[in-house]
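K.L.:
Okay, here's the structure, questions in a sec.
Just so it is clear, none of the values below were taken in a lab; they were calculated from the coordinates. Please read all numbers here as calculations on a predicted model, not as lab measurements. Here Cβ is always computed from backbone atoms with ideal geometry, including for glycine, and neighbour counts include all displayed protein chains.
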There are 2 protein chains.
Amino acid sequence: MSRVVMISSDCHAGGLPEHYKPYMEKEFHAAADQWWLEYAREMMKRMGTFFDQEATEEFNARSGDQGAGRMDPNAAKQAYEASDQELWDFLCDPDSMIAPRRGEYLPDVRLQELEDDGIAGELIFPQMAPFGAGLMQYRHDISPAQSLAGNQSYNRWLADLCNKNPGRHAGVAVINVDDIDVSVKEVREAHKMGLFGGVLLPTSTGTHPFYHDYRRYEPLWSVCEELNMPIHTHSGWSPDYGDVSAATPMYISEVDMWAQRPFKALLWSGVFERHPGLKMVFTETGCGWILETLRVLDFKIDNPIFAHFTTNLSLTPREYFERQCFIGASFLPRHEIGLRYDIGTHKLMWGSDYPHMEGTWPNTMNKLRETFHDVAEGEIRDMLGLNAIDVFGFDRAAMEEAAARIGPEIGDIQQQPEAA
Amino acid sequence: MSRVVMISSDCHAGGLPEHYKPYMEKEFHAAADQWWLEYAREMMKRMGTFFDQEATEEFNARSGDQGAGRMDPNAAKQAYEASDQELWDFLCDPDSMIAPRRGEYLPDVRLQELEDDGIAGELIFPQMAPFGAGLMQYRHDISPAQSLAGNQSYNRWLADLCNKNPGRHAGVAVINVDDIDVSVKEVREAHKMGLFGGVLLPTSTGTHPFYHDYRRYEPLWSVCEELNMPIHTHSGWSPDYGDVSAATPMYISEVDMWAQRPFKALLWSGVFERHPGLKMVFTETGCGWILETLRVLDFKIDNPIFAHFTTNLSLTPREYFERQCFIGASFLPRHEIGLRYDIGTHKLMWGSDYPHMEGTWPNTMNKLRETFHDVAEGEIRDMLGLNAIDVFGFDRAAMEEAAARIGPEIGDIQQQPEAA
């Protein structure tokens, strides 16, 4: 029996501030340094509110010695109060608490950690990059030129990382939407650099119209369809909830919602209708929401008072979802696996969320058992890897070859998990 | 067998521009007139995009001759292009297309139309009032002083309307959240004027922090609990989706979401914990959303990494909902009645949404049959009226007396609807 091909549809990578400089025009370096300092201060101020401290320490203990990325409220307080120079040194220290883990930027370490986890291939979403490039686009007060420079430096850096282990890492390009002609150019550039994971749509469009504006965004949808670059949303952005104690729970319980919104925007503006080859992926935004969304949309379109909404749509919302959309279900918790038939096992793509604490790494095998122990083999294979091969165009033979070395047996997954 | 006591938990009322002037300080009159003109121009520009025209004409044909409120795209275009004086005359003409129906502001007509519909009592939410007082609070570019003047004029006008038929109309007061001490004063004022329906929480807080900010909003929750004034959210507000063709479908499919948000804000900031007597009602925001919301929250609070979120909460989100929250389910469509046991039949309150086209008026009896024809009598009685008596404190004897005259028999509801 062949090993299970595992592709994580949700991993993250990011470098230290200095790593991006070779990929960024010199004129932006000083402003980027300044941005990192401000960003770090904000992070330090809020550290400790995000994850439960006891759970954090437990994660630190089991996630090994691969580098930093360990949240420690005391060290954070010191860093917050440090001078600019001290904070900068801290930011550039690969062993500091705020530094990305080594596997986020060293290709050999990364591949080893993926393979130790049983994973043959992956999608790479951003961590923080210069000028807030990535998931938090439009949360930071920067100029369009800085935003572009940040995105470009991240994409170029990412392409170099991915190309060290060809075919294994599907990098997802970041763009902004300040000028759609520029966005289109960036998508072409990303495609040329080999970022075959697709394009991350900013969750917020800032002060620009949202994605239901047909006239504004049409060239972006066209180029993504033309180049077969799936468009992604990924939870991360939110409005600023301030520094009150309920800010983090609000963030955690609303963050999925913001990244779900583009589905309706593309639906109603006819994007799915006009671009049947365009693929859209919703990552780490939960699973059940799409069922509730489609349930309500079914009802709305059935109401005669809204008959004019669907005049130019040849399919129902449910049919567009079926034809073009996918769920990057990340760690796919046990409480959502029961929804798999309603959503479709061909729609769901598992992901480890490496190296995030809320993900499965470095305990992926046991987490898989929690969710999949009683799921049929074919369904497991689809959700853990085969769907992602189809959606992103991984080389199936190469993935099977890797899986033959490092993938789990189906029986490793179809067994009771160890008690937590 | 006693007649069914019907209380509509969702009706609307509003007057002509001149109706509010006796309730507003003179210094605001000129600015209010100007605001009405701008508002009317925006409405006229967008008219025709909102509801399907064929469905609109069908509604106009069956909703009788009680006044205006009839959307006609051609007349709207003329009004949009009219001079200020012509537009003002149009706004003040009780027979114009943009005017509220007479039942929205004439107490005798209103009561007659309610009773013809079988309804003994009602909650009254706003239509548009001066300076955008009401559902669209914070959508308009006005000063805090103007906003307050608009809200006060609406509340005073509404109290006079309600007090014409004592005990029958539970008016809901409108407030803004520019200065919470002022908001508290307005709640006390509304209570004194007899607006026993409660307080409408603005869906958007504009540039102010959202409702999860414990320090800012605490006095508001305290006064509402003290005076037993339920707080409401009601769908209506949205960000401006612009003038593109997908704007209205986006509005229709996101408008519920914006008004659902305060649930999590009050939950996480401990409002339900600290104010066990405070009631919260979600009106015309759908029903199924609360099940999906609670399903996801159950999962979040069960995750050790978020253990710190619930340190100060003695109940689960589901338990707070059960103790303090209610769904103003409006017309409660057939496709949601199947959810009644999951939500709780004691949580759901039907409403006609009078005089809105998307509601049941003036075909309430047939709409009730569509939804309730096979529902048990006790459940029907709870959802159609008894729950609302408890939540808002209607006089039960008075409601039963009215129902004995004008309420339906249970058998009128428990029968197959006529084909649409």
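K.L.:
Dipole magnitude of region A:206-315 about its Cα centre, charges +1 at Lys/Arg Cβ and -1 at Asp/Glu Cβ only, in debye to the nearest 20?
P.N.:
Charge dipole of region A:206-315: 280 debye, to the nearest 20.
K.L.:
Calculate the radius of gyration of the Cα atoms of region A:104-240 to one decimal place, then report Dmax, the largest Cα-Cα distance, as a whole number, both in Å.
P.N.:
Looking at region A:104-240, its Cα Rg and Dmax stand at 14.9, 47 Å.
K.L.:
Also, quick follow-up: Convert each backbone phi in region B:244-249 into a coupling constant with the Karplus relation 6.51 cos²θ - 1.76 cosθ + 1.60 (shift: θ = phi - 60°), then list the ³J(HN,Hα) values in order as whole Hz, x for Gly and Pro.
P.N.:
6, 5, 7, 4, 5, x
K.L.:
For A:D10, list long-range residues whose amide hydrogen, built 1.01 Å from N in the peptide plane, is under 5 Å from its own amide hydrogen.
P.N.:
Those qualifying (amide H under 5 Å, at least 5 residues apart or on another chain) are A:L123, A:S352, A:D353.
K.L.:
Report the one residue of B:P100, B:S183, A:N228 whose Cα lies farthest in the direction of the positive end of the charge dipole of the protein assembly as shown (charges on C-beta: Lys and Arg +1, Asp and Glu -1; origin at the Cα centre).
P.N.:
Value computed over the given set: A:N228.
K.L.:
Which one, A:L37, B:L384, B:N60, is farthest towards the positive end of the dipole of the protein assembly as shown when Lys and Arg carry +1 and Asp and Glu -1 on their Cβ?
P.N.:
Farthest towards the positive end: B:L384.
K.L.:
Ok, one more. Might you report the magnitude of the Cβ-based charge dipole of region A:47-168 about its Cα centre, with Lys and Arg at +1 and Asp and Glu at -1, to the nearest 20 debye?
P.N.:
560 debye
K.L.:
Largest first and to the nearest Å, give the Cα extent of chain B along each principal axis.
P.N.:
Projected onto the principal axes, the Cα atoms of chain B cover 63, 51, 43 Å.
K.L.:
At 7 angstrom along the Cα-to-beta-carbon line, where would the label on A:D108 sit relative to the other copies? Give the distances in nm, shortest first.
P.N.:
9.3
K.L.:
Once you order the gyration tensor axes a ≥ b ≥ c over the Cα atoms, which shape class does region B:258-327 get: rounded for a/c under 1.5, otherwise prolate or oblate by comparing a/b with b/c?
P.N.:
oblate
K.L.:
Between B:F299 and B:R188, what is the spin-label point distance in nm, taking each point 7 Å from the Cα along the Cα→C-beta axis?
P.N.:
4.6 nm
K.L.:
If the only charges are +1 at each Lys and Arg Cβ and -1 at each Asp and Glu Cβ, what is the size of the charge dipole of region B:260-353 around the Cα centre, to the nearest 20 debye?
P.N.:
120 debye
K.L.:
If the chain between B:N228 and B:M365 were fully stretched, how many nm would it gain, using 0.36 nm times the residue separation less the Cα-Cα distance?
P.N.:
46.1 nm
K.L.:
Hey, what do the phi angles of region A:209-214 turn into as Karplus ³J(HN,Hα) couplings, whole Hz, using 6.51/-1.76/1.60 and θ = phi - 60°, x for Gly and Pro?
P.N.:
x, 6, 6, 7, 7, 3
K.L.:
For B:R340, what is the net charge nearby, where nearby means another residue's Cβ is under 10 Å from its Cβ and Lys, Arg count +1, Asp, Glu -1?
P.N.:
-3
K.L.:
Now a separate question. Report the closest approach of any chain B C-beta to the axis of the B-to-A rotation: residue and distance, in whole angstrom.
P.N.:
B:E292, 2
K.L.:
What are the nm distances, shortest first, from B:S314 to its equivalents in the other copies, labels at 7 Å along Cα→Cβ?
P.N.:
Counterpart label points of B:S314 in the remaining copies fall at 6.1 nm.
K.L.:
Additional query: Between beta-carbons, use under 12 Å as the cut-off and find the net charge around B:L135, counting Lys and Arg +1, Asp and Glu -1.
P.N.:
-1
K.L.:
For region B:219-305, what class follows from the C-alpha gyration tensor (a ≥ b ≥ c being the square roots of its eigenvalues): rounded when a/c is under 1.5, otherwise prolate if a/b is larger than b/c, else oblate?
P.N.:
Oblate.
K.L.:
While we're here: With the cut-off at 1.5 for a/c, could you classify region A:322-411 from its C-alpha gyration tensor as rounded, prolate or oblate?
P.N.:
rounded
K.L.:
Right, here's the next one. Give the lysines reachable from B:K45 as a straight Cα distance under 23 Å; neighbours fewer than 8 places away on the same chain don't count.
P.N.:
B:K77
K.L.:
Same structure, new question: Rounded to the nearest 500 deg cm²/dmol, what is the calculated helix-only ellipticity per residue at 222 nm for chain B, with -39500 (n - 2.57) per DSSP H run of length n ≥ 4?
P.N.:
-13500 deg cm²/dmol
K.L.:
Note the distances from B:A419 to each other copy's matching label point, with points 7 Å along the Cα-to-beta-carbon direction, in nm, sorted shortest first.
P.N.:
Reported distances to equivalent positions: 6.3 nm.
K.L.:
Determine the gain in length on full extension of the stretch A:E273-A:H373; use 0.36 nm per residue of separation and subtract their C-alpha separation, reporting nm with one decimal.
P.N.:
Gain on extension, A:E273 to A:H373, equals 32.1 nm.
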